[in-house]
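Written below as structure tokens is the structure these notes are about.
The values are calculated or read from the model by the stated rules, or taken from the named source; none is laboratory data. What you see is a predicted model; the values in this text were computed from it and never measured. Using ideal geometry, Cβ is built from the backbone for each residue, glycine included, and neighbour counts are taken over all protein chains shown.
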Amino acid sequence: HAKKWNRGQYSIFHPDMRLGALTRLQLEEDLRKAVERQEFQLHYQPIVSVENNQTVGFEALLRWQHPSRGFVPPLDFLGIAEETGLIIPIGKWVLYEACRQLRRWQEEFPTASPLYVSVNVSPLQVNQVDFIDRVMLVLKETGVEANCLKIEITETVLMENLEASRLKLESLRNNGIEVYIDDFGTGYSSFSYLQNLPIDVLKIDRAFIKELTKDEKSQRIVQTILRLASSMGIGIVAEGVETAEQLDCFTQMGNQSVQGYYISKPLESSAANSWIRSTL
Ligand code: C2E
Ligand code: MG
Ligand code: MG
Ligand code: MG
């Protein structure tokens, strides 16, 4: 009946939508508690140099173990975390935990080749005025060297305010922390920012890697990105390498690092321990 009276109203009371709204609200409340209850974990995905097959670092990836829903993937709650500001305490925890873990590895495996940990930071987090101070404090408190921490930022964040981004990135660089551009090639990006911003590494989005062995155009795009990066002294990590063919193809293109299920899925910290031990 409602439909007949008012289409707009009808849609508001549509059962699926109400469920959606409730779920969202519940999720928000649960997320609030998750911070206090410490339901978060980090998993670590190895990043390997194609040149010598050595593990050069790990990307820290956030995991939420919800008490009744089980595992909730990051993309299902990061949006809400960002909107509610909860990403600030969560992001703080991520940074601490990733650095603490790296320090533990350095102590447990003193003979391992140098490793870095790469941490994803959200737009709200980067835009905090005390972002750099916080990062430096975490390094100081955990005893991790600045060159062992990489900060992953997406290009969309940088494009929002180029001048503010430049100052922030320069400040990171002056403190010895490298900046990695995450999901490179997927945003509404302009290559011009590469000219104006101090960027150390591009992480080529897995969308390109996926097509690499099937589509010649993707190959050309990736090749062009590699050449551009190389000519500017910028490093490359390929994301989402899932097959031997993709790895081969990428290896032929030059000396970079790769990350993906073919090498390893993200690992719990204990499994990452075993991974490092196996590289000794
Ligand atoms: P991302 O930073 O681009 O991380 C890579 C994502 O691709 C991870 O998904 C990883 O598990 C997945 N992946 C790695 N290799 C492969 C592969 O070979 N094939 C496929 N299909 N996927 C692969 P995950 O862990 O679900 O994270 C999704 C996104 O959530 C991340 O994308 C990142 O943007 C965000 N994220 C994760 N952890 C954090 C965090 O601590 N803070 C913030 N702000 N964002 C985070
Ligand atoms: Mg990332
Ligand atoms: Mg990425
Ligand atoms: Mg991605």
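For this structure, a couple of remarks:
- F77 crowded, with 19+ Cβ neighbours inside 10 Å and assigned to a helix (DSSP H, G or I): yes
- The condition (being of a type in the set (D, E) and touching a strand residue (DSSP E or B) at 6+ places or on another chain (Cβ under 9 Å)) is satisfied by just one residue among E82, E108, E97: E97.
- Selected residue (criterion: farthest from the chain's Cα centre (by Cα)) from residues of segment 225-254 that are within 16 Å of ligand 2 (Cβ to nearest atom) and not in a strand (DSSP E or B): V241
- Residue selection: I88 satisfies the criterion of being at pLDDT 95 or above, out of contact with any strand residue (DSSP E or B) (no Cβ under 7 Å at 6 or more places or on another chain) and either assigned to a strand (DSSP E or B) or among the aliphatic types (A, V, I, L, M) (or both).
- Candidate set: segment 186-207, residues that are at pLDDT below 90 and more than 19 Å from L169 (Cα to Cα); chosen: the one farthest from ligand 1 (Cβ to nearest atom): Y188
- Any hit, segment 87-98, residues being exposed (fewer than 13 other Cβ atoms within 10 Å of the Cβ) and not hydroxyl-bearing (S, T, Y): no
- Number of residues in segment 201-229 that are touching a residue at least 12 places away in the same chain (Cβ under 8 Å) and either among the polar types (S, T, N, Q) or at positive phi (or both) equals 3.
- Residue satisfying condition, being farther than 18 Å from W93 by Cβ and either part of a helix (DSSP H, G or I) or not aromatic (F, W, Y) (or both), within set E152, E141, E170: E170
- Given (1) in contact with a Pro (Cβ under 7 Å, 6 or more places away or on another chain); (2) assigned to a helix (DSSP H, G or I); (3) at pLDDT 95 or above, number of the condition L61 does not satisfy: (2)
- Residues of segment 214-228 that turn out to be more than 16 Å from ligand 3 (Cβ to nearest atom) and buried (at least 16 other Cβ atoms within 10 Å of the Cβ), as a count: 4
- Every residue from segment 62-77 that is under 26 Å from G260 (Cβ atoms) and in contact with a helix residue (DSSP H, G or I) (Cβ under 7 Å, 6 or more places away or on another chain): L62, W64, F77
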